[in-house]
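Asks: The following block contains the structure, expressed as structure tokens.
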Amino acid sequence: MRTTLKKADTEKGLSNQTREVVNRPASSGSLGHPDAELENRIGRTYHFESAHYLPLVPDGHKCKNMHGHNYRIDIVMQGELDRRGFIKDFAEID
């Protein structure tokens, strides 16, 4: 199951997030066997930008002027489901 951003998420400054829940047989289990252990995983992706300059580099150096970088952070959690059926509530991850 995969869901995309809601307007409230973008208003919080969180962009391009993906929420994903994956249930599949664990690699240690026997594929296709009804008693195979399931792997429960959730994930969240964050994108953000940052800018800086390096005032101590020589004139003409490409990093002397203000410039930016783009970052992506993927958080993936795996584990047993709690009484609510969650590995972790997304509100607790944010």
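The values are calculated or read from the model by the stated rules, or taken from the named source; none is laboratory data. Note that the coordinates shown come from a computational prediction; the quantities given were computed from them, not determined experimentally. Ideal geometry is used to build each Cβ from the backbone, glycine not excepted, and the neighbour counts take in all protein chains shown.
Asks: Given (1) in contact with a Phe, Trp or Tyr (Cβ under 9 Å, 6 or more places away or on another chain); (2) of a type outside the set (A, V, I, L, M, F, W, C); (3) touching a residue at least 24 places away in the same chain (Cβ under 8 Å), identify the lone condition not met by residue 39.
Replies: Here residue 39 meets the rest and fails (1).
Asks: Condition first: modelled with pLDDT under 90, among the acidic types (Asp, Glu) and out of contact with any Cys (no Cβ under 6 Å at 6 or more places or on another chain). Can you find one or more residues in the stretch 51-73 that meet it?
Replies: No; the residues of the stretch 51-73 include none that is modelled with pLDDT under 90, among the acidic types (Asp, Glu) and out of contact with any Cys (no Cβ under 6 Å at 6 or more places or on another chain).
Asks: Sort out which residues of the stretch 74-88 are free of Cβ contacts under 8 Å to residues at least 24 places away in the same chain and touching a Lys or Arg at 6+ places or on another chain (Cβ under 6 Å), and write them in order of number.
Replies: If the condition is that a residue be free of Cβ contacts under 8 Å to residues at least 24 places away in the same chain and touching a Lys or Arg at 6+ places or on another chain (Cβ under 6 Å), then no residue fits.
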